[in-house]
Amino acid sequence: MYPAPFRYHRPEDLPAAIKLLSRFGDDAKVLAGGQSLIPMMKLRMGDIAEVIDIGRLSGLSNIEVRESTLCIGALATHAKIAASELAAGIPALVEAAAGIADKQVRSMGTIGGGLSVADASGDWPTCLRGLNASVVIVGAAGSRKVPISDFVVDAYATCLKSDEIVTEIQVPLPDANTSSAYVAFKRAAAAFPTCSVGVQLTLENNICQQVSLVLGCAGPTAVVSAEAEAQLQGKEINSETLRAAAQTIVAASDPPPDARGSAVFKRAMLETLVVEAGERALARCRGEAVNGGHRYA
Amino acid sequence: MPESVVVDVNVNGVAYQREIEPRLLLVEFLREEIGLTGTHIGCDTSYCGACTVTLNGRLVKSCTCLAVQADGGEVCTVEGLEQNGELHPLQEAFSEHHGLQCGYCTPGMLMASKSLLEENPSPSREEIRKGIAGNLCRCTGYVNIIKAIDAAAVKMQGV
C-alpha cells in the first residue's frame, strides 16, 4: 500500500493555500492531520495530483469563546478538543473528540479535516449537527458561514467549492438549562462507530423545552426527525418518552447493513443509544455528573 | 516523476537529511531511508499501532503520516528508549513480565505505554487498557503487557 505520486505544497499562509487551490481545482486535496486523507491515498481513492499541506498554518487551531459561541479552529486536533476546558461546557463535544479512534489518531486528526471528509460514519458530522454548529469557510471569493445542516450534503460530499477551506467550527454555548451527550457503539477503539447518537436537551421544570436528536451511521448523512423531536417537546423526559421518540427517529433512518452489523441490529442499537444519550443529557441538565464514554463490543 | 522534497528529521537525537518522494510514509522513511527497522509495519491501515512513534512529542501511527509532515521535527522510535546501554524501565518490565509473545507489536506497545506514563505516571489497570487501545497484539497477550506497564509505572515512580 502506497499513495500514488503527487506534488507536495506547503503554503506559508491561508491566502497562499487558497491561491494553490484556485490554481489546481479538483486535482488538489487539502492535507490537515492526514488521518482520513492518507489512508484514502494509500487505497488510491481518487486522483490526487497536488497535496496542499495546511497542517502548519498558524492561528487555525485555537479554541476560544466569542459572543456566547465556542469557536474551534479547523486545525484543532481531537486530542486538543477532548482536553479543552472551554469545550468541557459542551459534553457531547468532548465525548465525540475523546472517542475518536485512538490516542495516535486523535493526536494528529483535526476537527476541520474530520468534518470535511463527511464520512457517514464519522463522529463530527453527527455530533455537530446535534449541537447546531456552524462552519466558517474561506475561499477565493471571501469567507462565508454555513449551518452544519447545509455543510454536509451527501456521503463524503460537502458544500465546499474546490478553492475553499474550512477555517473554524462555531458551536453555540448552552444556557444553564441545556446539556448534551454523544454516544457511539464501536467494535474497537480504532474502528469507526457501528452507530452513534447525539442529543441536546433544554429542560425547564423537568419539561423539555427544546431537543435535538441526531443519528450517525444511519444513512448517507446525519439523520434527524422533526416528528421525533416534536414528540418530546413540552413533555417530561424519561426512559419511556425517550424510547417512543427513539422508535420514531429510527423508523426514519436507513442504516446500511455492512461488516459492522445488519440493518436490524443497527436499528436496535440506535434505539438503545438514543435512550442512553437522552438519559445522560437529562442527568446533566439536572446538574448531575455523568461519566462519558462510548460503548464497545 | 513528481519533484522530490528535501526533509530534515531528527530521529532519536540524530539529525538526518534525505531527498525523498512526498508520498514516502514516515514508517518507510524510518525503516528504509535511515535503516531503523525497530518500528514495524503491521496492518498498514492505521489500525494496529505496530508502527507507533512520537513526532514532536505526539503519539502517531507512522504508517499514517507522510515523512514530509515530519520535516523539521523530532521523532522518537523504539531504538531511542535505551539510554547509554541501559534498557528503559518499560523495556525491562516487558522482559521481566513476559509482556511479549511474538514481539511484533512490542515497539508500538512500548511507545504507546511510554506516552501513557508521561501523561499519567500511575495509571489504573483500566487506564492502561485505554492507553494502549490503539495497539493490537496479534498473540492476544494483553494480560502480561498490562502487567508489565503497571510494573514499570511502579518502578518509575520509585526512582
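Just one residue in the set B:Ala112, B:Ala67 is in the same structural domain as B:Arg23 (by TED's automatic domain parsing), crowded, with 23+ Cβ neighbours inside 10 Å and under 30 Å from A:Leu37 (Cβ atoms); that residue is B:Ala67. Those helices (runs of 4 or more DSSP H) of the range A:1-90 in which at least 3 residues are within 14 Å of chain B (Cβ to nearest Cβ), considering only elements entirely within it, cover A:37-42, A:78-83. Only one of the numbered conditions (1) touching a residue at least 40 places away in the same chain (Cβ under 8 Å); (2) open to solvent by less than 20 Å² (accessible area, probe 1.4 Å); (3) among the hydroxyl-bearing types (Ser, Thr, Tyr) is not met by A:Ser225, and that is (1). A single member of A:Ala230, A:Ala246, A:Ala281 is open to solvent by 30 Å² or more (accessible area, probe 1.4 Å) and assigned to a helix (DSSP H, G or I), and it is A:Ala230.
How about the range B:70-90: which of its residues are touching a helix residue (DSSP H, G or I) at 6+ places or on another chain (Cβ under 8 Å), part of a loop (DSSP other than H, G, I, E, B) and either open to solvent by less than 30 Å² (accessible area, probe 1.4 Å) or of a type outside the set (Asp, Glu) (or both)? Those that are touching a helix residue (DSSP H, G or I) at 6+ places or on another chain (Cβ under 8 Å), part of a loop (DSSP other than H, G, I, E, B) and either open to solvent by less than 30 Å² (accessible area, probe 1.4 Å) or of a type outside the set (Asp, Glu) (or both): B:Thr77, B:Leu81, B:Leu87, B:His88. When you look at A:Asp26, is it in contact with a Ser or Thr (Cβ under 6 Å, 6 or more places away or on another chain) and on the phi < 0 side of the Ramachandran plot, yes or no? Considered against the rule, which asks whether it is in contact with a Ser or Thr (Cβ under 6 Å, 6 or more places away or on another chain) and on the phi < 0 side of the Ramachandran plot, A:Asp26 comes out as yes.
Residues in the range A:38-50: is at least one of a type in the set (A, V, I, L, M, F, W, C), under 23 Å from the mean Cα position of the chain (by Cα) and open to solvent by less than 20 Å² (accessible area, probe 1.4 Å)?
Checked against the condition, which is being of a type in the set (A, V, I, L, M, F, W, C), under 23 Å from the mean Cα position of the chain (by Cα) and open to solvent by less than 20 Å² (accessible area, probe 1.4 Å), the range A:38-50 yields at least one hit.
Go through the range A:42-58 and give me each residue that's among the aliphatic types (A, V, I, L, M) and either in contact with a strand residue (DSSP E or B) (Cβ under 8 Å, 6 or more places away or on another chain) or in contact (Cβ under 8 Å) with a residue 60 or more places away in the chain (or both). Result: A:Ile48, A:Ala49, A:Val51, A:Ile52, A:Ile54. Can you tell me which residues in the range B:63-100 are within 14 Å of chain A (Cβ to nearest Cβ) and over 12 Å from B:Met111 (Cα atoms)? Of everything in the range B:63-100, those that are within 14 Å of chain A (Cβ to nearest Cβ) and over 12 Å from B:Met111 (Cα atoms) turn out to be B:Cys63, B:Thr64, B:Cys65, B:Leu66, B:Ala67, B:Val68, B:Gln69, B:Ala70, B:Asp71, B:Gly72, B:Gly73. Scanning the range B:25-61 for residues being among the β-branched types (Val, Ile, Thr) and crowded, with 21+ Cβ neighbours inside 10 Å gives a total of 6. Taking the criterion of being part of a helix (DSSP H, G or I) and surrounded by fewer than 19 Cβ atoms within 10 Å (Cβ to Cβ), the only residue of the range A:118-149 that qualifies is A:Ser149. Number of residues in the range B:37-62 that are within 11 Å of another protein chain (Cβ to nearest Cβ), more than 9 Å from the chain's Cα centre (by Cα) and part of a loop (DSSP other than H, G, I, E, B): the value is 9. In the range A:86-115, the qualifying residues are those that are charged (D, E, K, R) and open to solvent by less than 20 Å² (accessible area, probe 1.4 Å), and the one that is farthest from A:Glu279 (Cα to Cα) is A:Asp102.
The values are calculated or read from the model by the stated rules, or taken from the named source; none is laboratory data. Because the structure is a prediction, the values reported are computed rather than measured. Please note: Cβ atoms are built from the backbone with ideal geometry, for glycine as well, and neighbour counts cover all protein chains shown. Accessible surface is based on the protein model in full, side chains and every heavy atom, while ligands, DNA and RNA are left aside. Shrake-Rupley method; radii C 1.70, N 1.55, O 1.52, S 1.80 Å.
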